[in-house]
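J.: Input: one structure, supplied below.
Derivation of every value follows stated rules applied to the coordinates shown; laboratory data play no part. Everything numeric here is computed off the predicted structure, so don't read it as measured data. Counting neighbours? That spans all protein chains shown, and the Cβs are built from the backbone with ideal geometry, glycine included.
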Amino acid sequence: MSAQLIDGNLLSQQLRADVAKRAAALTAQGKQPGLAVILVGDSPASQVYVRNKVKACQDNGLHSVLEKYEATMTEAELLARIDALNQDPKINGILVQLPLPAHIDSHKVIEAIAPEKDVDGFHVSNAGLLMTGQPLFRPCTPYGVMKMLESIDYPVRGANAVVVGASNIVGKPQAMLLLQAGATVTICNSKTRDLGHHTRQADILVVATGKRNIVTADMVKPGAVVIDVGMNRDDNGKLCGDVDFANAREVAGWITPVPGGVGPMTITMLLVNTIEAAERT
Ligand SMILES: Nc1nc(=O)c2c([nH]1)NC[C@@H]1CN(c3ccc(C(=O)N[C@@H](CCC(=O)O)C(=O)O)cc3)C=[N+]21
């Protein structure tokens, strides 16, 4: 028996139809939602991602501004741009593409974004609001994962959820959203001893490590939902996730592909957060 795929492109298409409707309603009131994306430096991967984000805005009736800067931009210059965007009434969401060059303190930059425009949900104030159950913005990737679980009507309440990876942008907020939805949550990290011991208990397994094949079929509970947040390249340069997809899909009940899984959902939830920001104005 082979797992059912959770198609992130298809679900995105459905959710983006609602985004476009809400964007049009706001535009009719003279409040077209606007997103500013800042890219410092020119890593090829970041170029692709930011272009996809800007295109998704255009396709769904949001206004977007892409600001590209040389890798030599100073931290002070970046902070000045953020300050200007914080004041700009046409801009409802500000996204600073990570990672930033090493000479820029990314914590300081994120903390400079007005929390009500922090559509990534990375500001400490938004992290605190999420942790205490009063989220303003849910970080896009974990939010997209929750929508994927909703799309298959998965009973998250009471389920064992295991999150592999404890980053501030995926693992930690993912664990928090699953906890708030009633799951029993285990967070594993790069020091976890016997990772398979934990993952084999998972009814819901979310993998976000950036390590190809860190989860193999023998580490998956039969029938589990396997959500692959990884973005890697295989030996042929093809995009792949963190899960050994070809084998794990024979054990799982549901599984997300890479590409076409979590990636497009991340962009969709960025649009949703930008709409919500605009609706609050
Ligand atoms: N401040 C900030 N916010 C982010 O949300 C953020 C970031 N920085 N830095 C980089 C990561 C990465 N990320 C992706 C989003 C969509 C795809 C995506 O759409 N992937 C397609 C494939 C795209 C391709 O072909 O390369 C897919 O999985 O099907 C991938 C990666 C957002 N990030």
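J.: Between segment 209-281 and segment 50-75, what's the alpha-carbon centroid distance in Å?
T.: Taking the Cα centre of each part, segment 209-281 and segment 50-75 sit 24 Å apart.
J.: Here's a follow-up. Which lysines have a Cα less than 28 Å from the Cα of Lys147, not counting those fewer than 8 places away in the same chain?
T.: Lys21, Lys31, Lys53, Lys55, Lys117, Lys172, Lys211, Lys221, Lys238
J.: Right, something else. Please compute the net charge surrounding Ile6, taking Lys and Arg as +1 and Asp and Glu as -1 over other residues with Cβ under 15 Å from its Cβ.
T.: On the way: positive: Lys147, Arg249; negative: Asp7, Glu150, Asp153, Asp203, Asp228.
For residues surrounding Ile6, the net value is -3.
J.: Where both partners of a DSSP beta bridge lie in segment 174-281, what percent of those bridges are antiparallel, to the nearest 5? It would help to have the intermediate numbers written out before the result.
T.: Working: 2 of 9 bridges.
Looking only at bridges with both residues in segment 174-281, the antiparallel portion is about 20 percent.
J.: Mind checking which of Thr274, Ala24, Ala208 is farthest towards the positive end of the chain's charge dipole, using Cβ charges of +1 (Lys, Arg) and -1 (Asp, Glu) about the Cα centre?
T.: Among Thr274, Ala24, Ala208, the one farthest towards the positive end of the dipole of the chain is Ala24.
J.: Using Cβ contacts closer than 10 Å as the measure, can you line up Arg233, Arg212, Arg138 from fewest to most? Numbers along the way, then the final one.
T.: Details: Arg233 11, Arg212 17, Arg138 24.
Starting with the residue having the fewest Cβ neighbours, the order is Arg233, Arg212, Arg138.
J.: On to the next question. Could you list Asp234, Asp242 so that the one with the fewest beta carbons within 10 Å of its beta carbon is first and the one with the most is last? All intermediate terms of the calculation are to be shown ahead of the outcome.
T.: Details: Asp234 11, Asp242 23.
The order, fewest Cβ neighbours first, is Asp234, Asp242.
J.: May I pose another question? Kindly express, to the nearest 10 degrees and within the range 0 to 90, the angle between helix 8-28's C-alpha long axis and the longest C-alpha principal axis of the chain.
T.: Approximately 20 degrees, to the nearest 10.
J.: Can I ask one more? Angle between the Cα long axis of helix 171-180 and the longest principal axis of the chain, 0 to 90 degrees, nearest 10?
T.: Roughly 80 degrees, rounded to the nearest 10.
J.: Here is a follow-up. Only Lys, Arg, Asp and Glu count, each charged at its Cβ (+1, +1, -1, -1), so figure out the dipole size of segment 1-132 about its Cα centre, rounded to 20 debye. Spell out each step's value before the answer.
T.: Details: 12 positive and 15 negative charges, 114 e Å.
The dipole of segment 1-132 has a size of about 540 debye.
J.: Moving to a separate point now. Using R₀ = 45 Å, calculate the FRET efficiency as 1/(1 + (r/R₀)^6) where r is the Cβ-Cβ separation of Gln14 and Ala102; round to 0.05.
T.: Details: r = 40 Å, r/R0 = 0.89.
Taking R0 as 45 Å, the efficiency between Gln14 and Ala102 is 0.65.
J.: Follow-up. Please give the helix 75-87 orientation as an angle from the longest Cα principal axis of the chain, in degrees from 0 to 90, rounded to the nearest 10.
T.: The two axes meet at around 80 degrees.
J.: Tally the DSSP beta bridges in the chain and give the antiparallel ones as a percent, rounded to 5. Write down the numbers at each step before the final one.
T.: Values: 2 of 31 bridges.
Around 5 percent antiparallel, to the nearest 5.
J.: While we're on this one: Give the residue from Thr199, Ile227, Val170 lying farthest towards the positive end of the charge dipole for segment 139-263; charges sit on Cβ (+1 for Lys and Arg, -1 for Asp and Glu) and the dipole is referred to the Cα centre.
T.: Going by the charge dipole, the pick is Val170.
J.: Also, I was wondering about something else. Under 1.5 on a/c is rounded, so check that first for segment 139-263, then, if it is not, pick prolate when a/b is larger than b/c and oblate when it is not; a ≥ b ≥ c are the square roots of the alpha carbon gyration tensor eigenvalues. Present the calculation step by step, with values, prior to reporting the outcome.
T.: Details: a/c = 1.33, a/b = 1.28, b/c = 1.04.
Rounded, because the longest to shortest axis ratio a/c is under 1.5.
J.: Is segment 30-115 best put as rounded, prolate or oblate by its Cα gyration tensor, with a ≥ b ≥ c the root eigenvalues, rounded for a/c under 1.5, and otherwise prolate when a/b is larger than b/c, oblate when not? Could the numbers behind the result be given before it?
T.: Values: a/c = 2.39, a/b = 1.28, b/c = 1.87.
Judged from the Cα gyration tensor, segment 30-115 comes out oblate (a/c at least 1.5, b/c at or above a/b).
J.: Under the 0.36 nm per residue contour assumption, what length would be gained going from the current alpha-carbon distance of Leu239 and Asp42 to full extension?
T.: Numbers: separation 197, 0.36 × 197 = 70.92 nm, distance 1.98 nm.
Extending this stretch completely gives an extra 68.9 nm.
J.: Placing +1 at every Lys and Arg Cβ and -1 at every Asp and Glu Cβ, with all other atoms neutral, what dipole size does segment 72-124 have around its Cα centre, in debye to the nearest 20? Mind dumping the intermediate values first?
T.: Numbers: 4 positive and 9 negative charges, 24 e Å.
Its charge dipole is roughly 120 debye.
J.: With charges set only on the Cβ (+1 for Lys and Arg, -1 for Asp and Glu), what does the dipole of the chain come to about its Cα centre, in debye to the nearest 20?
T.: On the way: 26 positive and 28 negative charges, 63 e Å.
Computed charge dipole of the chain: roughly 300 debye.
J.: Just rank Thr266, Thr192, fewest to most, by other beta-carbon atoms within 10 angstrom.
T.: Fewest-to-most Cβ neighbours within 10 Å comes out as Thr192, Thr266.
J.: Under 14 Å from a point 7 Å along the Cα-to-Cβ line of Lys31: which residues of segment 250-281 have their amide N that close?
T.: 274-281
J.: If the chain between Asp194 and Thr132 were fully stretched, how many nm would it gain, using 0.36 nm times the residue separation less the Cα-Cα distance?
T.: Numbers: separation 62, 0.36 × 62 = 22.32 nm, distance 3.10 nm.
This chain segment gains 19.2 nm when fully extended.
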